[in-house]
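Colleague: This is the structure, below, for whatever I ask next.
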Ligand SMILES: [Zn+2]
């Protein structure tokens, strides 16, 4: 065999399934050829995750399906390092959060990304099972408690209510919140 061309990732077809000449011009926003009836796409860097509900009769029903993409250069660098197989590198990069993806890119010597625990890393407010794994348990508990308090407060006490009008019980929450935040800040 001879590989004469690389298949396209996206193209348009008319009513009869004939491929239409089209070259993307993203400067003009979304556009497609006039006679287009079908848009066909096949992106190689997509990891598909499906949730099936298992039924009592032995069958299953798909209830959710999601796609995540991953950067080709990072996956290649991770696989070439022999730290991971290609499949493992895909699974990791497609599932990790933005700051973990960037710290991996930095770790594997790519031109993009930023170091773990650096300024940019701290500013990126994402989290996933990889960076969460490094957060000590006590800090997780504090963060969860703070989230609970904020949630509780936003439900029961709309922001327009002045502090003076609030029942005494909220003062306890304020105190607890202040204490937790103090501990959290001291540990940073
Ligand atoms: Zn992460």
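All of the numbers you see were taken from the coordinates with simple rules; none came from a lab. Please read all numbers here as calculations on a predicted model, not as lab measurements. All Cβ positions, even for glycine, are placed from backbone atoms using ideal geometry, and neighbour counts span all protein chains on display.
Colleague: Rounded, prolate or oblate for segment 1-42? Axes are the square roots of the Cα gyration tensor eigenvalues, ordered a ≥ b ≥ c, and the cut-off for rounded is a/c under 1.5. Display every interim value, and only then the final one.
Modeller: Values: a/c = 2.59, a/b = 1.40, b/c = 1.85.
Since a/c reaches 1.5 but b/c is at least a/b, the shape of segment 1-42 is classed as oblate.
Colleague: Using label points projected 7 Å from each Cα along Cα→Cβ, tell me how many nm separate residue 27 and residue 62, to one decimal.
Modeller: 3.9 nm
Colleague: Report the full-extension gain for the segment residue 128 to residue 141: residue separation times 0.36 nm, less the Cα-Cα distance, to one decimal in nm. Working shown, then result.
Modeller: Working: separation 13, 0.36 × 13 = 4.68 nm, distance 1.60 nm.
This chain segment gains 3.1 nm when fully extended.
Colleague: So, R0 is 25 Å and r is the distance between the beta-carbons of residue 95 and residue 120; what FRET efficiency does that work out to, to 0.05? Can you show the working numbers first?
Modeller: Numbers: r = 21 Å, r/R0 = 0.84.
Given R0 = 25 Å and the Cβ-Cβ separation, E is 0.75.
Colleague: With a cut-off of 12 Å, note down the residues of segment 63-84 whose backbone N falls inside the zone around a label point 7 Å from the Cα of residue 112 toward its beta carbon.
Modeller: Inside the label zone: 70-75.
Colleague: What does the extension gain come out to for residue 148 and residue 49, with contour length at 0.36 nm per residue minus their alpha carbon separation? Numbers along the way, then the final one.
Modeller: On the way: separation 99, 0.36 × 99 = 35.64 nm, distance 2.97 nm.
This chain segment gains 32.7 nm when fully extended.
Colleague: Right, next: Using a/c under 1.5 as the rounded threshold, could you call segment 26-101 rounded, prolate or oblate? The axes a ≥ b ≥ c are square roots of the C-alpha gyration tensor eigenvalues, and prolate needs a/b larger than b/c, oblate otherwise. Present the calculation step by step, with values, prior to reporting the outcome.
Modeller: Working: a/c = 2.51, a/b = 1.05, b/c = 2.39.
It comes out oblate by the Cα gyration axes.
Colleague: Sticking with this structure for a sec: What number, in percent, do you get for the relative contact order of segment 52-127 if the mean sequence gap of Cα pairs under 8 Å and at least 6 apart is divided by its residue count? Mind dumping the intermediate values first?
Modeller: Values: 76 pairs, mean separation 15.6, N = 76.
After rounding, I find 20 percent.
Colleague: Stretch residue 40-residue 85 to full length: gain in nm at 0.36 nm per residue minus the Cα-Cα span? Don't jump to the answer; show the numbers that get you there.
Modeller: Numbers: separation 45, 0.36 × 45 = 16.20 nm, distance 3.02 nm.
Full-extension gain reported as 13.2 nm.
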